[in-house]
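No value in this document is a laboratory result; all are computed from the given coordinates. Note that this is a predicted model, so its numbers are computed, not measured. All Cβ positions, even for glycine, are placed from backbone atoms using ideal geometry, and neighbour counts span all protein chains on display.
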Amino acid sequence: MKPFAAAATAAAMLLPAPAPAQALTPAERIAAARAAGFRVQGARIINECDAPAETIAFERRDLNADGTAEIIVSDGGACYGQSGSMFAVLRRANGRWSPVLQAQGVMTVLKTRRGGWADIEIGGPGFGKMPVARWTGTKYDY
């Protein structure tokens, strides 16, 4: 092994690994689903097409680098037209989750920022330029 590669490998072993994102509790999942516009019937989450949201996913991600993660709710399927997916970015305010961005498409967090918040590309079908949602001070707009 070359000296530089050995030093880089040794340095990498000394750095702590990033902490895995904490999974949402069942109660948080229900609250996030409702805030993102889904209906909840018992333990089932229902999408806007009145079908079970079988591919719904929840992710914690700190989009504004304030140390508190927002929640991203995403779902996929024919219900969401040509893009085949939707997502909502939720922010906790006054003890409850509320959407600051909802869109049909695939969410890609960009390195660029506005007002401390990461810009978000909204991908969809095709190869053209995709819209980018930017923080306005209270929500995302595109």
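Between ARG113 and ASP66, the modelled labels are 1.3 nm apart [label points 7 Å from Cα along Cα→Cβ].
The value of relative contact order for the chain, using C-alpha pairs under 8 Å at least six residues apart, is 14 percent. Taking the chain as a Gaussian network of alpha-carbon nodes connected by springs under 10 Å, the highest mean-square fluctuation of the residues GLN82, GLN102, GLN41 belongs to GLN41.
Spherically averaged projected area of the convex hull of Cα atoms, segment 22-141: 7.7 nm². Per-residue ellipticity at 222 nm computed for the chain from its helices equals -4500 deg cm²/dmol, with DSSP H segments shorter than 4 residues left out and the rest contributing -39,500 (n - 2.57). Once the Cα atoms are used to define both axes, helix 26-35 deviates from the longest principal axis of the chain by about 60 degrees.
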